[in-house]
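Here's the structure we're looking at; comments come further down.
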């Protein structure tokens, strides 16, 4: 949706899986959302915080991780930060039925690439201005769409795509879209099992 919102390229139809960062405010407050999710995963949250320098553990952890992953000169520090980032990401999916740790995070190169990209992207608020994507969602008005967002997605709550659905809260800029919130899935629903939605 972000690409469509920033590009005039025509599209025939769109299936939007749930995801974080559809509002820059969400990205700017990602550390706060993580902190709230950490109340459900205190052990994992403590490990996630432990990679940040001691003086930054109560501040913007995403910015702190970006510095560790993309600016720190010590490869061991970067590797530890990448593992802790990915372990935390994986824990947010663990409420999903049938969850098992993701095998992709066993690859050190993948961990580093994934964590560096996430931290860089989110520490810059996805280069979005406020509610830019919602403001520009009118560009999707003529395109049929279907949104699927896991109700248990703690890292990217479903309230933002919900605002796009027609007839919601006086907004619903995506007029030809419909939405479903599966109850037993989180952020990783598509990678872990196939959903059959009618």
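For the reader, a short list of remarks on this structure follows.
- Only one entry in 93, 69 is crowded, with 16+ Cβ neighbours inside 10 Å, under 18 Å from residue 41 (Cβ atoms) and outside the structural domain of residue 184 (by TED's automatic domain parsing), namely 93.
- Scanning segment 37-47 for residues that are in a helix (DSSP H, G or I) and without any contact (Cβ under 8 Å) to a residue 12 or more places away in the chain yields 38, 42, 43, 46.
- Given (1) crowded, with 16+ Cβ neighbours inside 10 Å; (2) modelled with pLDDT of 80 or more; (3) within 22 Å of residue 45 (Cβ to Cβ), number of the condition residue 145 does not satisfy: (3)
- Residue match in segment 169-191 (condition: part of a helix (DSSP H, G or I), at pLDDT below 80 and surrounded by 15 or more Cβ atoms within 10 Å (Cβ to Cβ)): yes
- Remark: pairs (first residue in segment 84-111, free of Cβ contacts under 8 Å to residues at least 24 places away in the same chain; second residue part of a loop (DSSP other than H, G, I, E, B); Cβ separation under 8 Å; 6+ apart in sequence or on different chains) = 90/101; 90/102.
The values are calculated or read from the model by the stated rules, or taken from the named source; none is laboratory data. Keep in mind it's a predicted model, so treat the numbers as computed, not measured. Note that each Cβ is placed from the backbone with ideal geometry, even for glycine, and that neighbours are counted across all protein chains shown.
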